[in-house]
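Colleague: Have a look at this one.
The values are calculated or read from the model by the stated rules, or taken from the named source; none is laboratory data. Quick caveat: nothing in here was measured; it's all calculated off a predicted structure. Heads up, the Cβs are rebuilt from the backbone with ideal geometry, glycines too, and the neighbour counts pull from every protein chain shown. For accessibility, only protein heavy atoms count, side chains too; no ligands or nucleic acids. Shrake-Rupley method; radii C 1.70, N 1.55, O 1.52, S 1.80 Å.
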Amino acid sequence: MKDNLPLEIRKAYRLLYDYQRRILDLMKFIGETYDLPFKKGKPLFSSKSGNGLNHWAWDWIYMYCYDFRFEGKDNENPIQFSVVLKNDSGFYEAKAQNKINELDIEQFKPVETSKTELIFVAGDLDRNFPLLSASTKTTLGASEDKKLVFKNYALDCFFTQDEALKQLRDFSNYCKTFNIELNIPEKTI
């Protein structure tokens, strides 16, 4: 393996590029489907960039867990919507059982049993809500005052346009049960 390490690293980076390109295309599709423009994003597992050699290695690969924010066009009452990409639930699942830190990757749950998922969030996104807390088994929920809702989806539910639309409609319907309007507008041709 040592002799092939540079080759394997090149393969890994190219695979990661292809994967992240697909994720960006998916986020564009989600924003266009809901007719909500992408506003900003931020890493949730690491800092925004590796601006120093003393930073974590995670700081250099910050889409490990990433928050894509979209916002509606109505300035009086903007629709706030976020998609959190959680590429590996292994840390969060292990943290629920043990006290581990983000750098202790040997203690993460195995990659074979971990999940890759999207967490859809709508409502008052300025609230502090523990989306990535130890309760990784929770797939849906709402804040006490019902002004923020979330639902987890397996990433493989978004591999085709039809599958993705089904999930987007499902989340829209879920939001309606809490009086949060996140609709898929009718497109005119």
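Colleague: Any idea which of (1) at pLDDT 80 or above; (2) open to solvent by 30 Å² or more (accessible area, probe 1.4 Å) is the one Asp59 doesn't satisfy?
Modeller: Failed condition: (2).
Colleague: Additional query: Within segment 12-40, which residues are at pLDDT 95 or above and of a type in the set (Lys, Arg)?
Modeller: Within segment 12-40, Arg14, Arg21, Arg22, Lys28 meet the criteria.
Colleague: With respect to Asp104, determine if the residue is farther than 20 Å from Tyr34 by Cα, of a type in the set (D, E, K, R), modelled with pLDDT of 85 or more and open to solvent by less than 90 Å² (accessible area, probe 1.4 Å).
Modeller: Yes.
Colleague: Tell me, please, whether a residue that is under 30 Å from Asp126 (Cβ atoms) and of a type outside the set (Asp, Glu) can be found in segment 2-20.
Modeller: yes
Conditions tested, residue by residue: (1) modelled with pLDDT under 65; (2) closer than 20 Å to Pro37 by Cβ; (3) among the β-branched types (Val, Ile, Thr).
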{"residue": "Arg127", "(1), (2), (3)": "yes, no, no"}
{"residue": "Pro130", "(1), (2), (3)": "yes, no, no"}
{"residue": "Ser133", "(1), (2), (3)": "yes, no, no"}
{"residue": "Ser143", "(1), (2), (3)": "yes, no, no"}
{"residue": "Val149", "(1), (2), (3)": "no, no, yes"}
{"residue": "Ala154", "(1), (2), (3)": "no, no, no"}
